[in-house]
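Engineer: Have a look at this one before I ask anything.
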């Protein structure tokens with residue numbers, strides 16, 4: 001059976017037509033015929049034998065077809081081995097693709113359901129906030145306590161979903177992608193070694209090999225696989241940064257390098273910021289004591305707000321340094337700015353000018369509370385049409401590094 005994408009199910013039995021589509025089978029047959037200097041043919045089980053020498057084409061202990069042609073038995077067997085290697089490579093690709101599709105489809109459906117639930121929850125929160133403003137002063141303290149509990153629940157839910165969901169699910173496919181790439185490199189080395197050993201004995205095949213410049217193409221294939229492996233390593237690094245962002249596998253009390261925290265946060269926010277960032281990070285800054293996950297979340301909330309406020313041509317400049325004995329981090333964006341009447345309320349829980357479904361109004365509240373938990377403070381300056389500057393000050397644990 002096949003999935004909606006046309007791929008066979010992961011545990012389905014694969015036949016000759018699954019492993020070699022008609023066009024690819026014809027191209028492979030023609031290439032082998034030219035390389036071997038004899039006309040080769042496929043014969044399916046049950047078809048009348050041609051009377052020519054044949055070699056079985058097996059996959060997972062089952063004979064799928066026969067390769068026949070007027071060719072010596074060792075050479076015919078060597079050609080059949082190349083076809084079986086193609087069977088194996090195609091089977092790994094098809095099964096990995098089917099597994100990846102099943103995982104992505106399942107996660108997409110879960111995320112869709114959670115998104116709809118979150119939109120409904122946000123709508124209820126906004127309605128509640130409007131009603132709370134009309135209540136008497138005696139109920140304010142109870143309302144603030146309720147809001148704080150909701151804020152903590154939202155933050156823990158977001159961290160849990162980010163770390164346990166995205167990071168874990170990315171680790172699964174990236175693991176078998178990296179494994180497949182390592183296997184592909186091994187196969188390429190085997191093919192190259194086999195070609196170096198076999199081709200010199202068959203001048204027509206060697207001439208065809210050189211005419212098609214297959215050696216250069218094989219070397220380029222090596223390079224492509226290496227680049228893909230490097231990309232897989234980068235994805236693994238991003239997953240590691242996601243774990244750091246959510247302070248998983250890390251002690252909550254530690255000495256933090258602020259510059260490293262900024263760089264780790266930018267890896268997580270890369271899809272939102274793109275190339276719209278400029279860094280001016282001072283060297284040899286002293287560490288900060290505290291929870292690295294909370295600091296990363298604070299920086300992420302500030303950067304995310306800047307990304308949403310800026311046009312595609314905007315720029316977020318992030319600076320770090322020491323000022324008056326305090327470690328200073330500034331986020332300067334070229335966005336639309338904040339209206340003067342909204343500026344005093346930007347740290348209030350659930351306050352947002354965005355439409356329903358675009359935000360909860362908790363980002364800067366998280367940032368303020370996280371910075372305060374580290375013994376620091378945060379301030380915002382903004383003008384409409386000129387952008388916004390967010391300044392974070394943190395107490396260092398000691399002087400500058402030597």
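The values are calculated or read from the model by the stated rules, or taken from the named source; none is laboratory data. Small disclaimer: the values here were computed from a predicted structure and weren't measured. Neighbour counts run over all protein chains shown; Cβ positions are idealised from the backbone, glycine included.
Residue-by-condition table, conditions (1) surrounded by 15 or more Cβ atoms within 10 Å (Cβ to Cβ); (2) modelled with pLDDT of 75 or more:
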| residue | (1), (2) |
| --- | --- |
| 206 | yes, yes |
| 211 | no, yes |
| 229 | yes, yes |
| 242 | yes, no |
| 248 | yes, no |
| 258 | yes, yes |
| 266 | yes, yes |
| 271 | no, yes |
| 275 | no, yes |
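Engineer: Is one or more of the residues making up the range 141-148 modelled with pLDDT of 75 or more and surrounded by fewer than 11 Cβ atoms within 10 Å (Cβ to Cβ)?
Structural biologist: No, the range 141-148 has no match at all.
Engineer: Is at least one residue of the range 55-73 in contact with a helix residue (DSSP H, G or I) (Cβ under 9 Å, 6 or more places away or on another chain), modelled with pLDDT of 85 or more, within 18 Å of residue 44 (Cβ to Cβ) and in a helix (DSSP H, G or I)?
Structural biologist: no
Engineer: I need a count of the residues in the range 286-336 that are touching a helix residue (DSSP H, G or I) at 6+ places or on another chain (Cβ under 6 Å) and part of a loop (DSSP other than H, G, I, E, B).
Structural biologist: Count: 2.
Engineer: Another question about this same structure. Within 33 Å of the chain's Cα centre (by Cα), without any contact (Cβ under 8 Å) to a residue 24 or more places away in the chain and assigned by TED's automatic domain parsing to the domain that holds residue 14: which single residue out of 102, 90, 109 fits that description?
Structural biologist: 109
Engineer: Test residue 20 against the criterion of being in contact with a strand residue (DSSP E or B) (Cβ under 8 Å, 6 or more places away or on another chain) and either closer than 30 Å to residue 206 by Cβ or at pLDDT below 85 (or both), and give yes or no.
Structural biologist: Answer is no for this residue.
Engineer: Then there's this: Could you check the range 35-59 and list, in sequence order, the residues that are surrounded by fewer than 18 Cβ atoms within 10 Å (Cβ to Cβ) and in contact (Cβ under 8 Å) with a residue 40 or more places away in the chain?
Structural biologist: Correct list: 37 only.
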